[in-house]
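Taken together, the values in this text are just the output of simple stated rules run on the coordinates, not laboratory data. Predicted model only: the values in this text are computed from it and were never measured. All Cβ positions, even for glycine, are placed from backbone atoms using ideal geometry, and neighbour counts span all protein chains on display.
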Amino acid sequence: MSAAKSSGEMSEQEHDEAAVGENKQIIFKGYIDGVPKETDMEVVVGKRPDKLRGGDGGEAVMLVKNLYLSCDPYMRGRMRDFHGSYIPPFLPGSVIEGFGVSKVLASSHPDYKPGDLISGFTGWEEYSLIHRTEQLRKIQADNDIPLSYHIGLLGMPGFTAYAGFYEVCKPKRDDYVFVSAASGAVGQLVGQLAKLHGCYVVGSAGTKEKVDLLKDKLGFDDAFNYKEVTDFDSVLKRYFTEGIDIYFDNVGGAMLDVVLLNMRLHGRIAICGVVSQQTMTYPHYNLFNLITKRVRMKGFLQSDYLHLFPKFLEHVTSLYKQGKIVYIEDMNIGLESAPAAFAGLFYGKNVGKQVIRVAT
């Protein structure tokens, strides 16, 4: 979308689009125990919102046209009937919710007007009514940066990488850094930030294509295919002969347990995700290493560090425009492709950040 088309007042055509017609939606069918499947979601055609409706408390509301939607592993947790997490579960029979980039068609909020571009939580549908406007961020269109990057590089995954690496891992020059799920939405940026910081970086991924991507395009010092490994301890000792200073963990499980054996004194581990533990529990045997090596292991949420978001946005935007970092997207076209794309995350089918283009 060009900058000229993404700003200004709502056109007559867009007003008509927002007022009448159909609204394709992705509905969550019911709670699951295992790995998400395409059939856990259903594509339906509902009615397009025909007017702004105030929330229960009379708060401001916006009608938006969704342009890009984000597929993120954390959404798997919202498919369980578990209310003790940091974010509530999806409601069976309702539209799935996630991060997206949208265009405002109508608004009762004084800070947003028709034509504005925003990122934040929205529905997995063509048109959404958004009541929780406090979660949104206005986007300034930039011809040098794809709009979809605002749910990737410049969105939640990118900020997760930034906050986790700088605030949790506390890197030092010449640190030895290991990143699991390194070609994913978060890991690819962690590795590049680490290289720019003067670290030695190795990543793991699940295919030869992804391993080559890490080494040839993303600048990792080395990488390996974890699916071809039968002895993780030997592999880590080969890549980290002096041990690991920083482990950015996106998977948990057996990989984390072996990393504990290979951490250096006063090492740091950022627990960003435990995708390997979504359907099982792994018994960790090597936690004593946290004591003997005085390792700091910390779980975190990017929302803990939102006060740093403006600094992150400026820093990473500058790096991207200078050509010092790159970002890999896996773009699916059409809202109807979302269920398969989301399920594919858990089988490693995506290469880079998984995005759904709904409209332009």
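For segment 156-304, the orientation-averaged shadow of the C-alpha convex hull comes to 8.2 nm² (one quarter of the hull surface). The alpha carbon centroids of segment 156-171 and segment 79-119 are separated by 24 Å. Taking 0.36 nm per residue of separation and subtracting the Cα-Cα distance, what length does fully extending residue 81 through residue 234 add? Roughly 51.1 nm would be gained on extension.
Round to the nearest 10 and give me the degree value, 0 to 90, for the angle of helix 187-196's Cα axis relative to the longest principal axis of the chain. Orientation of helix 187-196: about 60 degrees from the principal axis. Taking the centroid of alpha carbons for each part, segment 128-153 and segment 308-349 are 13 Å apart. Rg of the Cα atoms in segment 38-121, relative to 2.2 N^0.38 Å, amounts to 1.24. Take 326-334, 254-262, 118-126 and order them by the average number of nearby Cβ atoms within 10 Å per residue, most first; the result is 118-126, 254-262, 326-334.
If the segment from residue 39 to residue 172 were pulled out straight at 0.36 nm per residue, it would be longer than the present Cα-Cα gap by 43.3 nm. Taking 32, 269, 246 as the candidate residues, the one with maximal mean-square fluctuation in a Gaussian network model of the chain, Cα springs under 10 Å, is 32.
If you run the Gaussian network model on the chain, springs between alpha carbon atoms under 10 Å, then out of 163, 141, 341 the most flexible one is 141. Each label was represented as a point 7 Å from its Cα along the Cα-to-Cβ direction; for residue 307 and residue 50 these points are 4.8 nm apart.
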